[in-house]
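The values are calculated or read from the model by the stated rules, or taken from the named source; none is laboratory data. All of these numbers come straight from a predicted model, not from anything done at the bench. Cβ coordinates were reconstructed from backbone atoms using ideal geometry, including for glycine residues, and neighbour counts include every protein chain displayed.
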Amino acid sequence: MATPGVSTLGVKLGYAIASSMPSSFQQLTRINAIGGISLETEQIDASALEDYVTRYVAGRQDTGGSFPITINPTDETIAEWEALIAAYNAKSTDEALYLEVWSPYLTRAFFIKAQPPQQLPMSEMAQNELQTIEIGMTIDEYLGMDTAVEPVG
């Protein structure tokens, strides 16, 4: 019987600094939203002089380069993200920041190599709303799906 659908309940975001795919990830807490990564295939013009209609071949896939993560800025979550930024800034040249988007309903997870901002942005403020900040990560490399490793706190 087919699964009726997969929920976002229980999804976790984890990170690790490593020189290759890590075997464990540190959980980042109080995540409110994780941006998606779409892959837009570029088109390369392959037309010749004799072609009356333009012909194309598939080019690179473009992620757009940005990966937003929205958090509720508490003293604890701010400390987590400051620790992530400090670890990234202290990494060696052969290491990278790996992110994992883990779901309790899937045996595989999504993996991304990314670069964090140098400091946390300020949130917008409005009446009677949850305070959130959107952290803009820069995609270094979208690794796709691989065996899931549940992040730990």
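Being more than 23 Å from Phe110 (Cα to Cα) and either outside any strand (DSSP E or B) or touching a His at 6+ places or on another chain (Cβ under 9 Å) (or both) is not true of Tyr88. Against the list (1) under 30 Å from Pro73 (Cβ atoms); (2) at pLDDT below 95, the condition Glu40 fails is (1).
Listed conditions (1) among the hydrophobic types (A, V, I, L, M, F, W, C); (2) exposed (fewer than 13 other Cβ atoms within 10 Å of the Cβ); (3) part of a helix (DSSP H, G or I) are all met by Ala83, apart from (2).
So that you can scan it fast, the table gives a plain yes or no per residue for (1) in contact with a Lys or Arg (Cβ under 9 Å, 6 or more places away or on another chain); (2) buried (at least 16 other Cβ atoms within 10 Å of the Cβ); (3) closer than 19 Å to Asp146 by Cα:
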| residue | (1), (2), (3) |
| --- | --- |
| Tyr98 | yes, yes, yes |
| Leu106 | no, no, yes |
| Gln118 | no, no, no |
| Ser123 | no, yes, no |
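Listed by position, the strands (runs of 3 or more DSSP E) inside region 10-60 whose residues that are of a type in the set (A, V, I, L, M) number at least 2 are 12-18, 31-34. Taking the criterion of being in contact with a Pro (Cβ under 7 Å, 6 or more places away or on another chain), under 18 Å from Ser23 (Cβ atoms) and of a type outside the set (D, E, K, R), the residues of region 76-119 that qualify are Leu97, Tyr98, Trp102. Can you name the residue in region 19-66 that is under 22 Å from Ile135 (Cα atoms), touching a strand residue (DSSP E or B) at 6+ places or on another chain (Cβ under 7 Å) and among the hydroxyl-bearing types (Ser, Thr, Tyr) and, of all such residues, is surrounded by the most Cβ atoms within 10 Å (Cβ to Cβ)? It comes out as Thr63.
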